[in-house]
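Have a look at the structure below, then the notes.
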Amino acid sequence: MNLVRASALVAWALFFAWLWLSGAADRYVGPRTAWVVPFGILLLGAAAVLACLAATSRSDRARPRDVIGLAVLLTPMLALVAVPEPDLGALAVNQRSGPGGVPALGSAPPPRSPSGPLSVVDLQEASRSAEYALRRGVRDGRRVELLGFVSRAASGAGGDFDLARFSIFCCAADAVPYVARIRGAAGAAAPRVDAWVRVRGIVRREGDRFVVVAERVTTDRAPENPYL
Amino acid sequence: MTTVPATLSVRVSRAPAAGLAAAALLAVATIRLTGAGDGAAVQNVVLVFASIVMEALPFVLLGAFVSGLIEVFVPERWFAAVGRLPVRLQVPGAVVGGMAFPVCECGSVPVARRLILRGVHPAAGLTFMLAAPVLNPVVLLSTFVAYQGRDAVAMVVGRAALGAVVAMTAGWALGGGRAARLLVRPRSGEHDHDHDHSEGRAAAVGSHVAADFFFMGRLVVLGGALAALAQLAVPQNAISGVLLSPVTGGLILMAFAFVLSLCSEADAFVAVSFTVFPLGAQLAFLVFGPVLDVKLALLYGATFGRGFVLRLAAVAAPIALVGSLWFGAVVQ
């Protein structure tokens, strides 16, 4: 039994080490809690060493129940082998958005550099706050380049679609969607839902909302860290 | 439990192990080959499931370490002395003790269990378990940082005060009996075991840490899976159109706290983003979440019995809601 338990700790220690070294942890934990991964490596490593010490000094019979318990403990790793690099996409945007596409539970946008390039977050927040728009320089005629995934597809070539990104605080469980409306580029093929695209265009104010009139829409790879 | 001295000769029933390994490999291969994992719902669930477990497991292990160190290094006479104190001193003392432990709710369960087993009154043990995730300095600091510019001091004081009230009330209400009645008796050879520590203290700590991690970790995994499925089944936009009074707002956020199953060390950053909800409702989220969520329900059920979960909800939810309403009225 001690050896089975030690095996679980060794497996998790190695898994956390892989998460950290490969950068894959960015997909699961937010910037404010990213320290949990190296913290986990230290704890799991220490626990694995002590558990192996216990296993060598006192060995006992492992029951089938312990093996099942080990399988349960390893399930998250197996899930990620079965579904590598899972993403939050259009389904999550729809589930977490209220009327008008704003986050259903509200939003406190992630900190943005006042002089950095605009993103989907800025367009949505600027549509809700004139002060935010002024602070971030979101205005009619400004050229932008946005990277995001399609959360609502256009009905045809050159049609409007929604471009989305997520922001997370603690972990993917609390991801908040941000959506920008894109006026499609004339004649451009309609990108499919969940496809990552790069939109180059011009900001235009329509009523109390900022949209982007696309000049060019190209498919692109999802970034290593999909969150803003 | 049969022990084999000194040599690494462990006998595992090979048939179940081989069968499980084969089933796991078959499931993974099937999912990869058929593309079943490409579905949006599957990806959502796997991502949320994995993220909850990754956040929680280090804190479970931290609690297991503390529990193991208590078991091996704290002398029996200390617990005997604490156990002789009147309960009315042990309970507030447990609140103070909770302020010193930087563990979230997953880590406090094994520590509380160990304290109760060693003679601390069950009411004090439960109070510690419920107070530590809310009152420890890391949580209060993260709450302050998250709410900077938005009544940060009031939120910190409110969270600490209401958290202490919930912890002490629930501790008194649920911990009035003997430890033997409160704790689920472990199955033979599982999780709890007598130690003579003759194998050395390091090995003894290792054995306890491994046992607690093995026991709690499985429940965190199951709880994470349930929380991920619940998030898929109950979308956040379900509240769109619901009239958000302070009462409904508090109830809704307490329900979300239960489903989201976040760690208390970072949940303030999530709560502050709930700008649709009044401040009092956000406080209800911050107080109720560390007390009871999906993964904690499984942990509590395995440690204290299934009935404990319902009794805790019956005590904690009204106090958290009423306290948050009063807080909201005072602050706003």
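The values are calculated or read from the model by the stated rules, or taken from the named source; none is laboratory data. Predicted, not measured: the structure shown is a model, and the values here were computed from it. No Cβ is skipped: glycine too gets one built from the backbone with ideal geometry, and neighbour counts run over all protein chains shown. Areas reflect the complete protein model, heavy atoms only, side chains present, ligands, DNA and RNA absent. Shrake-Rupley method; radii C 1.70, N 1.55, O 1.52, S 1.80 Å.
Numerical summary
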{"item": "Residue among B:65, B:79, B:154 farthest towards the positive dipole end of segment B:50-181, charges placed on Cβ", "result": "B:79"}
{"item": "Extent along principal axes [Cα atoms of chain B; Å; largest to smallest]", "result": "66, 63, 33"}
{"item": "Per residue accessible area of chain A, 1.4 Å probe, in Å²", "result": "40 Å²"}
{"item": "For segment B:259-332: accessible area per residue (Å², 1.4 Å)", "result": "28 Å²"}
{"item": "Rounded, prolate or oblate (a/c below 1.5 giving rounded, otherwise prolate when a/b exceeds b/c) for segment B:23-70 by Cα gyration tensor", "result": "oblate"}
{"item": "Value of Rg/Rh across the protein assembly as shown [Cα atoms, Kirkwood radius]", "result": "1.01"}
{"item": "Dipole moment magnitude, nearest 20 debye, the protein assembly as shown about Cα centre, only Lys, Arg, Asp, Glu C-beta charged", "result": "340 debye"}
{"item": "Value of [θ]222 nm, deg cm²/dmol, for the protein assembly as shown, DSSP H segments ≥ 4, -39500 (n - 2.57) each, nearest 500", "result": "-19500 deg cm²/dmol"}
{"item": "Exposed-loop-free span, longest in chain B, where trypsin sites (Lys or Arg not before Pro) count as exposed if DSSP calls them loop and at most 15 other C-beta atoms lie within 10 Å", "result": "B:188-332"}
{"item": "Check: segment A:149-228 dipole with +1 on Lys, Arg Cβ and -1 on Asp, Glu Cβ, in debye", "result": "260 debye"}
{"item": "Shielding by partners - mean other protein chain Cβ count within 10 Å, residues of B:103-110", "result": "0"}
{"item": "Residue (of B:44, B:17, B:137) at the positive-pole extreme of chain B, dipole from beta-carbon charges", "result": "B:17"}
{"item": "Spin-label pair residue B:150/residue B:201, simplified geometry with 7 Å Cα→Cβ offset, distance in nm", "result": "4.7 nm"}
{"item": "Partner chain coverage, peptide B:21-27 - average Cβ within 10 angstrom", "result": "2"}
{"item": "Over chain B, relative contact order from alpha-carbon pairs under 8 Å, at least 6 apart, %", "result": "21 percent"}
{"item": "Surface share of carbon and sulfur [accessible, 1.4 angstrom probe, percent] for chain B", "result": "68 percent"}
{"item": "Segment A:140-182: C-alpha gyration tensor shape, a/c 1.5 cut-off, then a/b vs b/c", "result": "oblate"}
{"item": "Segment B:32-172: radius of gyration and largest Cα-Cα distance (Dmax), Å", "result": "18.8, 63"}
{"item": "Positive dipole terminus of chain A, leading residue within A:29, A:187, A:40 (C-beta point charges)", "result": "A:187"}
{"item": "Of the DSSP H helices in chain B, those whose Cα atoms cover at least 24 Å axially and whose Kyte score averages -0.5 or more", "result": "B:14-34, B:40-73, B:152-174, B:201-233, B:306-331"}
{"item": "Check: chain A dipole with +1 on Lys, Arg Cβ and -1 on Asp, Glu Cβ, in debye", "result": "140 debye"}
{"item": "Whole-percent carbon and sulfur share, accessible surface of chain A, 1.4 Å", "result": "59 percent"}
{"item": "Chains A and B together, accessible area buried on both sides, 1.4 angstrom probe, square angstrom", "result": "7000 Å²"}
{"item": "Sequence of A:57, A:155 when ordered by accessible area, the most exposed leading, probe 1.4 angstrom", "result": "A:155, A:57"}
{"item": "Crossing angle, helix A:36-57 versus chain A [Cα axis fit, 0-90 degrees, rounded to tens]", "result": "10 degrees"}
